[in-house]
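Notes for the one structure printed next.
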Amino acid sequence: MNETVDNADTTPGVTSTTSATSATTASTAIITEPVVARTRSELRVARAELGEGGVGVVMTMGALHEGHAALIRQARANARHVIVTIFLNPLQFGPREDLARYPRTNDADMEICRREGVELVFMPTPSVVYPEGDPGVRVSAGPLGNVLEGQARPGHFDGVLTVVGKMLHLTRADVAYYGQKDAQQLLLIRRMARDLDFPVEVVAVPTVRETDGLALSSRNMYLGQSDRETALCLSQALRAGAAAAVEGPSAVRRAARAVLVREPLALIDYLVLVDPATLEDVPEWYRGEALLAVAGRVGTTRLIDNVPVNVGPGGGALEVFSEDAGRGRESDDLTSPLS
Ligand code: AMP
């Protein structure tokens with residue numbers, strides 16, 4: 001499904017005049033604007049133009065930044081066509097969350113899509129996605145949706161999976177790209193695709209950070225200068241934890257916690273080192289890939305961050321998990337095939 005196709009004649013953002021909505025002449029090709037679809041019928045027409053196979057999708061809530069751009073670039077690198085969805089999904093926000101103040105930056109978002117050579121942008125309103133209002137039938141994230149972020153945000157992952165399922169059906173994408181930044185979301189989307197037989201390949205993209213380590217997030221726009229400095233403790237804690245990975249789980253947790261306790265202005269919700277497949281705390285004997293994740297409030301802003309780590313000899317931070325992550329081995333089991 002993840003075909004790497006020869007896109008010499010179908011380079012995203014470079015198409016013939018017949019499929020271009022607006023075009024400017026370049027020396028050898030015609031550079032097009034992304035096609036913007038706001039309704040289901042506009043999407044259907046534009047999607048049909050892309051043909052079958054090799055279609056990648058990047059789903060976003062807008063307020064695009066370099067993290068989103070990295071997903072788009074990865075999609076462009078190995079999909080034949082790239083669709084970006086921009087939809088602020090009300091279903092995944094709780095009644096006391098930040099839906100109303102979530103940044104809306106449509107013009108800047110389009111500029112990024114244009115710059116990155118996106119061919120099709122699906123930008124619907126809630127009434128297009130949910131014509132009958134809130135859907136009575138939703139995807140249930142199951143038990144993995146009730147821990148960590150799901151515990152802090154009840155119903156959040158049901159709302160995420162419901163819209164992801166709908167967007168996969170509407171875009172008929174073959175490959176979908178998600179950020180490691182939202183590790184639990186990524187895990188649950190993978191599970192949904194597997195458990196409910198969605199014909200899509202899910203690809204993880206490493207977290208993009210500022211040079212000082214802060215993970216890029218649309219919510220960083222809420223942070224004033226001093227909040228932003230406070231927020232740095234999250235990525236610093238993860239880095240300290242990952243640096244202790246050779247010593248085992250308790251050393252990782254201790255090192256990360258030591259950074260967080262020095263920053264009383266960050267109200268930490270959780271700091272965990274968990275099995276990336278079950279999200280359960282890894283025991284002290286565990287060696288292998290684990291998820292070091294943190295969430296906390298800085299001022300009025302809830303932030304999350306994580307780093308995949310390899311615990312044990314030669315351990316440290318990873319960019320993304322391997323295919324068989326979550327099957328840790330005992331520290332003294334030198335004959336294990338995973339060792
Ligand atoms: P959002 O618009 O926040 O729903 O994010 C859309 C997609 O971008 C999700 O797959 C996120 O995981 C991903 N994403 C957000 N921030 C980053 C980041 N800093 N690095 C990589 N991917 C990101």
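The values are calculated or read from the model by the stated rules, or taken from the named source; none is laboratory data. These figures come from a predicted structure and were not determined experimentally. Every residue, glycine as well, gets a Cβ built from its backbone with ideal geometry; the counts of neighbours run over all protein chains shown. Only protein heavy atoms, including side chains, enter the accessible area calculation; ligands, DNA and RNA are left aside. Shrake-Rupley method; radii C 1.70, N 1.55, O 1.52, S 1.80 Å.
Observations, loosely collected:
- Boolean, Glu132 is away from the ligand (no atom under 16 Å from the Cβ) and surrounded by 21 or more Cβ atoms within 10 Å (Cβ to Cβ): no
- Criterion applied to Arg253, Arg262, Arg257, Arg239 was being free of Cβ contacts under 8 Å to residues at least 40 places away in the same chain, open to solvent by 80 Å² or more (accessible area, probe 1.4 Å), in a helix (DSSP H, G or I) and among the basic types (Lys, Arg), and the one residue passing it is Arg257.
- Residue under evaluation Arg44, criteria (1) out of contact with any Cys (no Cβ under 8 Å at 6 or more places or on another chain); (2) modelled with pLDDT of 95 or more; (3) open to solvent by less than 20 Å² (accessible area, probe 1.4 Å); (4) more than 29 Å from Leu223 (Cβ to Cβ), criterion not met: (3)
- Per-region count, segment 48-92, residues more than 11 Å from the ligand (Cβ to nearest atom) and acidic (Asp, Glu): 2
- Sole residue being of a type in the set (D, E, K, R), open to solvent by 50 Å² or more (accessible area, probe 1.4 Å) and closer than 20 Å to Ala215 by Cβ, chosen from Asp281, Asp305, Asp269, Asp324: Asp269
- Those residues of segment 143-173 which are part of a loop (DSSP other than H, G, I, E, B), surrounded by fewer than 21 Cβ atoms within 10 Å (Cβ to Cβ) and in contact (Cβ under 8 Å) with a residue 24 or more places away in the chain, in sequence order: Val147, Arg153, Pro154, Gly155, Arg172
- Condition met for Leu291 (open to solvent by less than 20 Å² (accessible area, probe 1.4 Å), in contact with a Leu (Cβ under 9 Å, 6 or more places away or on another chain) and part of a loop (DSSP other than H, G, I, E, B)): no
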